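First up is the structure itself, then whatever we jot down about it.
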Amino acid sequence: MSRSVYVASPEGLTGKSAVALGLLDALLREVGSVGVYRPLTTLGGTGPDEVDHIVEMLVSQPGVEQTYEEALGVTYAQAHDDPDEALHVIVERFGALSARFEVVIVLGSDYTDISTGTELSFNARVAANLGSAVVLVVHGRDRTPDQIRVAADSAITELRANHAQTVAVVANRVDPADLDAVRAVLGTLPFPVTASIPENPLLSAPSFRALADAIGARLVLGSESWMDRDSLGLVVAAMSLPNVLARLGPDVTVIAPSDRTDLIPGLLLAHQSGTFPTLAGIILTGGYPIPETISRLSAGVQHDLPIALTDDGTFRTAERLMRVRGPMTKGSRNKIETARRLFSESVDQSALLTAIDVSASEVRTPLMFEFQLMERARSDRKHIVLPESQDDRILEAADVLLRRGVADLTLLGDETKVRARGSALGLDLDAATVVSPTDADLVERFAQEYAAARAHKGMTLERAREVVTDISFFGTMMVHLGLADGMVSGAVNTTAHTIRPALEFVKTADGVKTVSSVFLMCLADRVLVYGDCAVIPDPTAEQLADIAISSAQTAQQFGIEPRVAMLSYSTGTSGSGAEVEKVRAATELIAQRAPDLALAGPIQYDAAIDPVVGRAKMPDSDVAGHATVFVFPDLNTGNNTYKAVQRSAHAVAVGPVLQGLRKPVNDLSRGALVDDIVNTVAITAVQAQGVSTEQQGAGQ
C-alpha cells in the first residue's frame, strides 16, 4: 500500500475537514499524486440529499483525480451490523485506491451517529490496519488551553491503545487570544508537530440560502444566485433605520418584521453605498406581503441583495436561525480559500510532511508549481499595488488573493466607487487598502520626487504633478518610495504604459543594465524558464549575458535549479556566423561574470532539453539534455517558441515576468484571466521577497 495519513478527531465539529484540505494542499505541492478516502460515513449515496459534502469537496480539488465513489468505505449501518466485516471492506477498498496514488489522505468519521460510543476506537483500529500516521484534531471552541490539552491527552491514549501512531496534534477553532498559550501546552507533547489554528466565523457560517431553507422562507426580491453568499451574523431590526445602520456588520443577515418595509430602501442603499458593510440578505418575518410601491421602488434600483419572506414571527425566526450551521462544500469558494490560508499560516507543513514520511517528488506539475508559488508568497507576505481597479478582473483577483493570504493589497481609485463595485460583484475587499491617485499629499510628494529624478530631462514640478496622477506612474512611485513592495498592471493599459515609469525612475538592479523578461513554462512534469520572450527585440551579446544571469536568478527564486542553455542554431563549435558568434560571446561573458553558474552554449534546443541528443552533441556538458533556463538569441525566436510550446505541448505559460529592475513591476496581458492575475501577483510578491533578502544582506 502507498503511504497514508489519517486525519482523526475524538468528537464532532472540530473542523478537521479544513485541516484535511490544508494537508491535501501541502501534499499536492510535494508529490505527484494524492488520493482521498473516508472509511466511515453517514451519507454514502450519490443523490443530492445523500452526498458526503466533505468528501465531495476534497475529491473536487484540482490535482485530485478520482471519483467520489472511490473515496468511500462503509456506512455507519454496515459498521453496526458487522464491525469486523466492515473493517475488512474498508481495508480492501483502501488497498484498491492506494495502488494508484503515492499518498492517500484518510478522513476520519464525523460523529454524526450518536449511538456509537466508541467511534474514536473504531477510527483508531482503521488507522492501525491501514498503516496510517495519525494527525489528531481537537477543537478549542469555548475551551481553555488546559482543557484542550486534556482533550488531546485523552484522545492520544485511546489511539495508542488501539495501536494507531500519532505524529501530530492540531488544536483547531482556538480563541485567537489563546493561540500562544495553546501552542505552549501542546508543545510539550512527544510528537514532531503540534499546532493551533484560530477560530474563523466564516468556516461555520451558513449561506443565506441555508438560513432561508431552515425556516421555509421564500425569495421575494433580489437575486437567486446571491442566496449562496455566506452569512456571518444576524441583526434583528426592531428599531429605526439609523439605529439599524449603526449595528450592521460585514455579510450579516438582517431580520425585520415584514410590516416594516420602510426599512428596505435604506438597507438596499446601505448595501450598495460602499460606505456601509455589504449584507448577506434580509429576512422579513410575519408573512405580510411587500407593498406594490416598495416592490416598484426596489425594481427600479439595480441590486442583487436577496430578500426572503417567512410566516414565522421575529423571535422564533431568530431562535431557529441561530442554530443553523454551514458545512464547507465544493462550492464554498470563500471557505475553501480561508481554510487553506489558516492552515498555511498556522501549521509547519514541512515538519508535518516529514513526520508522515512524505518526501518531495522529482516531478513538478503545473498544479504543484502553483501551490508552491502561493505558499512561497504567503510565507513572507508582501504589499502589492494594483492600479487598475476599474477592471472587474482585478477586483475578483484581489478577492482571491486576500482570502488566500498571498499578499497585502492596495487598489488605486475612488474608495467609494471601488468598494461599491466590489459589493455589487459579491466580493470581500475589506482587507484591501484603497488609495486615490489624486490624493493631494501623495501627489505632491510623488511630484517632487519625479521632478527631481527627471530634472535632467527638463521636468518641472508643475508638469510632474500632472504626470504622477496617471495610475501607472502613481503605482510605480509607491513602489519606488517603499509604500508598496511591487506593482502589477497591464490588464487595461499597454505594456509600454505599464513599464515606462519603472524604466524612468525605479531603474535596474545593481550589476544589471538590461530589463528583460521570462516566461515560466509549466510542462506536464517540470517547470522551465524561457527568456527573453517579450521585451528586447535583438539583444547584443552583453544584453544576452544580462538576460541569462537575470533568468538564472529568477529561476532560483522560484525553486528551479538554474542550468542555463544559450540557444543557437548550432551546438558547440559545429557552426559559424554572426548570430552564433553573438551567442558564443555572450556565453563567454556569463562565464566571466558568474563562473559558478551551470552553463552551456551555443547549443540547440534539442540538445539542451533531450538527454540522449545532449550526450551525442555535447557529451562533456552537465547542462546538455538537462537545461532548465533557455535563453533565446532574439525576441522573434523566443516569442514564437514559447507560444509553440504553450499550444503544442499544452503547457501553462506564466508571464511575462519582468526582471532586472531594482524593485518588481510586472505586466499583464490585456486578455488576462483572473487566475493569471492571481499568479502574477504571487510572482511579484516572491520577487519582492528576493529584493528584501538582498537588501538585508547588503545591510540596507
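State whether the residues of the stretch 342-353 include one that is closer than 24 Å to residue 32 by Cβ, in a loop (DSSP other than H, G, I, E, B) and not hydroxyl-bearing (Ser, Thr, Tyr). Within the stretch 342-353, one or more residues are closer than 24 Å to residue 32 by Cβ, in a loop (DSSP other than H, G, I, E, B) and not hydroxyl-bearing (Ser, Thr, Tyr). Within the stretch 572-587, if we keep just the residues that are more than 14 Å from residue 630 (Cβ to Cβ) and in contact with a helix residue (DSSP H, G or I) (Cβ under 6 Å, 6 or more places away or on another chain), the residue that is surrounded by the fewest Cβ atoms within 10 Å (Cβ to Cβ) turns out to be 585.
Looking across the stretch 614-626, just one residue is open to solvent by 40 Å² or more (accessible area, probe 1.4 Å) and of a type in the set (A, V, I, L, M, F, W, C), and that is 616. Does the stretch 57-70 contain any residue that is assigned to a loop (DSSP other than H, G, I, E, B) and crowded, with 21+ Cβ neighbours inside 10 Å? No, the stretch 57-70 contains no residue that is assigned to a loop (DSSP other than H, G, I, E, B) and crowded, with 21+ Cβ neighbours inside 10 Å. Residues of the stretch 152-164 that are touching a residue at least 40 places away in the same chain (Cβ under 8 Å) and crowded, with 20+ Cβ neighbours inside 10 Å: 155, 159, 164. Each residue in the stretch 132-146 was checked for being hydroxyl-bearing (Ser, Thr, Tyr) and open to solvent by less than 10 Å² (accessible area, probe 1.4 Å), and 1 of them qualify. Filtering the stretch 469-517 to residues that are in contact with a helix residue (DSSP H, G or I) (Cβ under 7 Å, 6 or more places away or on another chain) and among the polar types (S, T, N, Q) leaves 469, 472, 476, 489, 493, 498, 514, 516. Of all the residues that make up the stretch 575-587, how many are touching a residue at least 40 places away in the same chain (Cβ under 8 Å) and out of contact with any Pro (no Cβ under 9 Å at 6 or more places or on another chain)? Count: 1. When the stretch 456-465 is filtered for residues that are at negative phi and open to solvent by less than 60 Å² (accessible area, probe 1.4 Å), the ones remaining, listed by number, are 459, 464.
Only strands (runs of 3 or more DSSP E) whose full extent lies in the stretch 211-259 are considered here, and the ones with at least 1 residues that are more than 17 Å from residue 287 (Cβ to Cβ) and touching a residue at least 12 places away in the same chain (Cβ under 8 Å) are 233-236, 252-257. Taking the stretch 166-188 as the region of interest, how many residues are open to solvent by less than 50 Å² (accessible area, probe 1.4 Å) and under 23 Å from residue 204 (Cα atoms)? Counting residues in the stretch 166-188 that are open to solvent by less than 50 Å² (accessible area, probe 1.4 Å) and under 23 Å from residue 204 (Cα atoms) gives 9.
A residue that is among the small types (Gly, Ala, Ser) and assigned to a loop (DSSP other than H, G, I, E, B) occurs nowhere in the stretch 537-555. Considering the stretch 515-531, and only residues there that are among the small types (Gly, Ala, Ser) and assigned to a strand (DSSP E or B), the residue that is modelled with the lowest pLDDT turns out to be 531. For the stretch 315-357, the set of residues classified as more than 18 Å from the chain's Cα centre (by Cα), of a type outside the set (D, E, K, R) and either on the phi > 0 side of the Ramachandran plot or crowded, with 20+ Cβ neighbours inside 10 Å (or both) consists of 317, 321, 352, 353, 356, listed by residue number. Going by what's in this entry, would residue 656 be described as buried (at least 23 other Cβ atoms within 10 Å of the Cβ) and in contact with a Cys (Cβ under 7 Å, 6 or more places away or on another chain)? In short, yes. In the stretch 173-191, of all residues being outside any helix (DSSP H, G or I) and closer than 19 Å to residue 344 by Cβ, the one that is nearest to the chain's Cα centre (by Cα) corresponds to 173. Only residues that are surrounded by fewer than 16 Cβ atoms within 10 Å (Cβ to Cβ) and either touching a Leu at 6+ places or on another chain (Cβ under 8 Å) or under 21 Å from residue 208 (Cα atoms) (or both) were counted in the stretch 411-435, giving 4.
Restricting the stretch 495-514 to residues that are more than 11 Å from residue 661 (Cα to Cα) and in contact with a strand residue (DSSP E or B) (Cβ under 9 Å, 6 or more places away or on another chain), the residue that is modelled with the lowest pLDDT is 495. Residue count for the stretch 402-432, restricted to those that are farther than 13 Å from residue 383 by Cβ and either touching a His at 6+ places or on another chain (Cβ under 9 Å) or hydroxyl-bearing (Ser, Thr, Tyr) (or both): 3.
Checking each residue in the stretch 466-510 for being assigned to a loop (DSSP other than H, G, I, E, B) and open to solvent by 40 Å² or more (accessible area, probe 1.4 Å) picks out 469, 470, 481, 482, 483, 485, 492, 494, 507, 510.
Every residue, every condition in (1) touching a residue at least 12 places away in the same chain (Cβ under 8 Å); (2) buried (at least 24 other Cβ atoms within 10 Å of the Cβ); (3) of a type in the set (Gly, Ala, Ser), yes or no:
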{"position": "516", "(1), (2), (3)": "yes, yes, yes"}
{"position": "541", "(1), (2), (3)": "yes, no, yes"}
{"position": "548", "(1), (2), (3)": "yes, yes, yes"}
{"position": "554", "(1), (2), (3)": "yes, yes, no"}
{"position": "560", "(1), (2), (3)": "yes, no, no"}
{"position": "568", "(1), (2), (3)": "yes, yes, yes"}
{"position": "603", "(1), (2), (3)": "yes, yes, no"}
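Residue by residue, here is whether (1) part of a loop (DSSP other than H, G, I, E, B); (2) modelled with pLDDT under 90; (3) closer than 21 Å to residue 94 by Cβ holds:
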site: 129; (1), (2), (3): no, yes, yes
site: 137; (1), (2), (3): no, no, yes
site: 159; (1), (2), (3): no, no, yes
site: 171; (1), (2), (3): no, no, no
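The values are calculated or read from the model by the stated rules, or taken from the named source; none is laboratory data. All values reported here derive from a predicted model rather than from experimental measurement. With ideal geometry, Cβ positions are generated from the backbone for all residues, glycine too; neighbour counts draw on all protein chains shown. The protein model used for the area step is the full one, side chains on, heavy atoms only, and it has no ligands, DNA or RNA in it. Shrake-Rupley method; radii C 1.70, N 1.55, O 1.52, S 1.80 Å.
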